[in-house]
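Notes for the one structure printed next.
Just so it is clear, none of the values below were taken in a lab; they were calculated from the coordinates. It should be emphasised that the depicted structure is a prediction, and the values quoted were computed from it without experimental measurement. Every residue, glycine as well, gets a Cβ built from its backbone with ideal geometry; the counts of neighbours run over all protein chains shown.
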Amino acid sequence: MGCTKDAATAFPQVRKPALYGIHDGTERDGTAYRAELTAYIGSPTCAPESVLTGELELPETWWKSLHTDLETIAATPTERVAVRRQ
């Protein structure tokens, strides 16, 4: 099962919040849940709202870091299979 813990192990060089702990639990009705405690990121957000309404004005270094991280993740072998409802 993919989770923040797996990502922290698989991609130590990719910038992401530190993972401090995980708690799994199950309710009496069988509902399962997971809580993951990660580091607080104090840097400003890219946009004030949750939906972008215009282009982002980010420094070239931000984009370079994003591309490097995505290339690292994309180059990692996986045995997962994508399943889509058709």
For the chain, find the longest principal axis of its Cα atoms and tell me its angle to the long axis of helix 60-74, 0 to 90°, nearest 10.
40 degrees
Answer label for P(r) over Cα pairs in 5 Å bins from 0, in percent (calculated), chosen among (i) 2, 9, 14, 16, 18, 19, 13, 6, 2, 1, 0; (ii) 3, 14, 28, 27, 17, 9, 2, 0; (iii) 3, 15, 19, 16, 14, 11, 9, 7, 5, 2, 0:
(i)
Using θ = phi - 60° and the Karplus curve 6.51 cos²θ - 1.76 cosθ + 1.60, what whole-Hz ³J(HN,Hα) does each residue of segment 33-49 get, with Gly and Pro shown as x?
9, 9, 10, 10, 9, 10, 5, 6, 9, x, 6, x, 6, 6, 8, x, 10
Which one, LEU58, LEU19, LEU66, has the greatest fluctuation when you compute a Gaussian network model over the chain with C-alpha springs under 10 angstrom?
LEU58
Mind putting a number on the dipole of the chain about its Cα centre? Charges go on the C-beta only, +1 for Lys and Arg and -1 for Asp and Glu, and I need it in Debye to the nearest 20.
280 debye
Within 10 Å of each candidate Cβ there may be at most 15 other Cβ atoms; applying that plus a DSSP loop requirement, which trypsin sites (Lys or Arg not before Pro) in the chain survive?
ARG15, ARG28, ARG80, ARG84, ARG85
Full-stretch length increase - GLU60, ASP6 - with 0.36 nm per residue and alpha-carbon distance subtracted:
16.5 nm
Quickly work out the LEU70-to-TYR20 label distance, labels modelled 7 Å from Cα along the C-beta direction, and quote it in nm with one decimal.
3.1 nm
At most 11 other Cβ atoms within 10 Å and a DSSP loop assignment: could you name the chymotrypsin sites (Phe, Trp or Tyr not before Pro) in segment 10-56 that fit?
TYR40
Just name one of GLY54, LEU19, CYS3: the one whose Cα is farthest towards the positive end of the charge dipole of segment 1-56 (beta-carbon charges, Lys/Arg +1, Asp/Glu -1).
LEU19
